[in-house]
Amino acid sequence: MMKKRLISLLSAAALISTMAATPVHAAGNDWQKAYYDKLKEINSSVITARNMSFSLYDLDGNDTPELLVSRGTEQVCKCEIYTFNGGKAVKVGDTGSFGSIVYSPSTKTIATITADQNGSQYKICRMDKNKLTTVLTAKEKVQTSDSGKTSIKYTVNGKDAKKDEFTKAIDKQIDSETLVLGRGFSFSSDEMSYAVKGVSDYKTAYKAILTNRLKGGDKDQVFSLTDITGDGVPELILNYTDVYTWSDKRINYLGIIGIDDFGSDFPIDDKTTFTVGYNKKSKIICVTLKTGSSVHDQYFRVEKDHMHSIVSITDIAGKSKHTYLIDGDTSNKSAYEKQHDKYGKAEYDKLGKEYKFTKSDIASALK
């Protein structure tokens, strides 16, 4: 389950150009100047591609964020990680794939996962004294005998392992709550400034994000403004997926209202509908995918610095029976109904007025 979910998260990040990075709230501005100067240096030394991005997150728990730079969304693209040391932005290393890293807040580990038809590989690191230290490597390799019979070989830290040993080793290092980090902001001068150095008001920050996306050709997309966190400042939601907020006088990226774990048998066709709703009382967001009688619901809560996926539940209506999934794993009707009763019976309102990516709508929304 963990392997499948992590790979799907990374794949989704690449496909919808998710720029999942989250904010931190470190004091002082020394790191801000150092990171801003580093971003300007990178921006001036290369031809900045449209899909280049950066983000901030405190990876080692010292209350000062690291700077993550993503140069693309292809599987081979890694994240460059910089930390603040000696008054400068010092490069820690390169890791990750799809231009992102998978980070576990509770264990403070960074996972790099690659997969193809031959199996998958895990490399799990942790920041230690301004360097990346590998704490686990694990592989599962599909093997085919001369007779055509297939089997899977598992290794942990270079030694043969059983399937349960392989799974336990990974689960020990990767928490069930993972964040996909590395992408959040473009290399435009205003986004570099507002995300790192700060900005006096949210309207200026949001206008910059929207204007840059409009320049980038996102004319067919939509956006809305909704106070999801209940702090009196609306969040900016782009195309019902990417969520930005303004706190500590900086524009911050909370992540995506994504959708996954609905199973390979879930029917997708031209009649499939996708809706997003918000419950003001519980501050829970519900994403619903529906085709006929088959329904997938995914529930999110906005935490201080990221979008937290609570649970996903799926009811796939087959010809003779229903298949039920919880977080992508096969379940039963009773367990499905328990989660549905807990979250699905609430009323979820639309995420604010829908605006188009036009100059007039941007001006109207932020007047």
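Any read-out appearing in this document is the output of simple, stated calculations on the displayed coordinates, not a laboratory observation. Small disclaimer: the values here were computed from a predicted structure and weren't measured. Please note: Cβ atoms are built from the backbone with ideal geometry, for glycine as well, and neighbour counts cover all protein chains shown.
Things to note:
- Candidates LYS207, LYS33, LYS321, ranked by Gaussian network fluctuation over the chain, Cα under 10 Å, top entry: LYS321
- Exposure proxy shown here: for VAL180, VAL302, the number of other Cβ atoms within 10 Å sets the order, fewest to most, as VAL302, VAL180.
- Judged by the mean number of other Cβ atoms found within 10 Å, the most tightly packed of the peptides 145-151, 273-279 leads the ranking 273-279, 145-151.
- Among GLN221, PRO267, GLY352 the positive-end extreme of the charge dipole of segment 221-367 (Cβ point charges): GLY352
- The aspartates and glutamates whose alpha-carbon is closer than 16 Å to the alpha-carbon of LYS131, local same-chain residues fewer than 8 away aside, are ASP58, ASP60, GLU66, GLU80, ASP94.
- Computed from the Kirkwood radius of its Cα pairs, the Stokes-Einstein diffusion coefficient for segment 221-367 at 10 °C and 1.306 mPa s stands at 97 µm²/s.
- FRET efficiency estimate (nearest 0.05) - Cβ-Cβ, VAL233 to LYS342, R0 35 angstrom: 0.75
- Filter on LYS78/LYS207; LYS38/LYS129; LYS88/LYS249; LYS280/LYS353; LYS290/LYS319; LYS163/LYS338 - keep pairs with C-alpha separation over 27 Å: LYS78/LYS207; LYS163/LYS338
- Exposure proxy shown here: for ILE152, ILE310, the number of other Cβ atoms within 10 Å sets the order, fewest to most, as ILE152, ILE310.
- Sorted on the mean count of surrounding Cβ atoms within 10 Å across their residues, most packed first, peptides 170-177, 226-233, 253-260, 60-67 read 253-260, 60-67, 170-177, 226-233.
- The tail of the calculated P(r) for the chain beyond 28 Å holds 48 percent of all Cα-Cα pairs.
- Order of GLU303, GLU347 under a 10 Å beta carbon neighbour criterion, fewest first: GLU347, GLU303
- Convex hull of segment 103-151 built on C-alpha atoms - directionally averaged projected area, nm²: 4.3 nm²
- Cα-Cα pairs of segment 27-157 separated by more than 26 Å (percent): 33 percent
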